[in-house]
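Report on the following structure.
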Amino acid sequence: MLNLPPLNQDTLWGILREEIPDRTVNELVWHYLGYRYDSQQQAWHNEQVPSEWRDTYPQPPDFIESRPATVKLTRSIPKPNKQLLKEKLGFKGYKIGEFGPRQTRRATMVNWLLSYMQDQGWLD
């Protein structure tokens, strides 16, 4: 198993502040999507991944580098959960001139993780 940080507000803010490496951020989303890494075989398994993801991405996608994967991630967030960044973290967004696609994709990943947490009943 990967050594992932706990899924909590400190981790989510760490992602937004770019304190957590891109690889770890990807691994968090991969884990909660259902991808599992087998260190003995040095391969990813996708049996637990929903078919709509597994069919398009049999291997976990790099959400930081792949706009199509991030768009799919955005579209997979249920409408009631679209504003969780603002509602649960109080995130006001990045300042103009201080962000690019990488930061936007990180914010999308955090919002997806928040949506996952909401759907699991982990948020109050």
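The values are calculated or read from the model by the stated rules, or taken from the named source; none is laboratory data. Remember, predicted model here, so these are calculated numbers, not experimental data. Every residue, glycine among them, receives a Cβ derived from its backbone with ideal geometry; neighbour counts consider all protein chains shown. Accessible surface is based on the protein model in full, side chains and every heavy atom, while ligands, DNA and RNA are left aside. Shrake-Rupley method; radii C 1.70, N 1.55, O 1.52, S 1.80 Å.
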Search the stretch 31-52 for residues that are closer than 14 Å to N3 by Cα and pair each with any residue that is surrounded by fewer than 10 Cβ atoms within 10 Å (Cβ to Cβ) and charged (D, E, K, R) when their beta-carbon atoms are under 9 Å apart and the residues are at least 6 apart or on different chains. R36/E47
Looking across the stretch 72-83 at residues that are part of a helix (DSSP H, G or I) and of a type outside the set (D, E, K, R), the single one that is farthest from W30 (Cα to Cα) is P80
Of the residues S76, S51, which single one is at pLDDT 95 or above, in contact with a Phe, Trp or Tyr (Cβ under 9 Å, 6 or more places away or on another chain) and open to solvent by 20 Å² or more (accessible area, probe 1.4 Å)? S76
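Residues are listed down the side, and each one gets a yes or a no for (1) outside any helix (DSSP H, G or I); (2) surrounded by 13 or more Cβ atoms within 10 Å (Cβ to Cβ); (3) of a type in the set (A, V, I, L, M):
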residue	(1), (2), (3)
T70	no, yes, no
L85	no, yes, yes
K88	no, yes, no
F91	yes, yes, no
K95	yes, no, no
R102	no, no, no
Of all residues in the stretch 3-40 being hydrophobic (A, V, I, L, M, F, W, C) and either touching a Cys at 6+ places or on another chain (Cβ under 8 Å) or assigned to a loop (DSSP other than H, G, I, E, B) (or both), which is surrounded by the fewest Cβ atoms within 10 Å (Cβ to Cβ)? L4
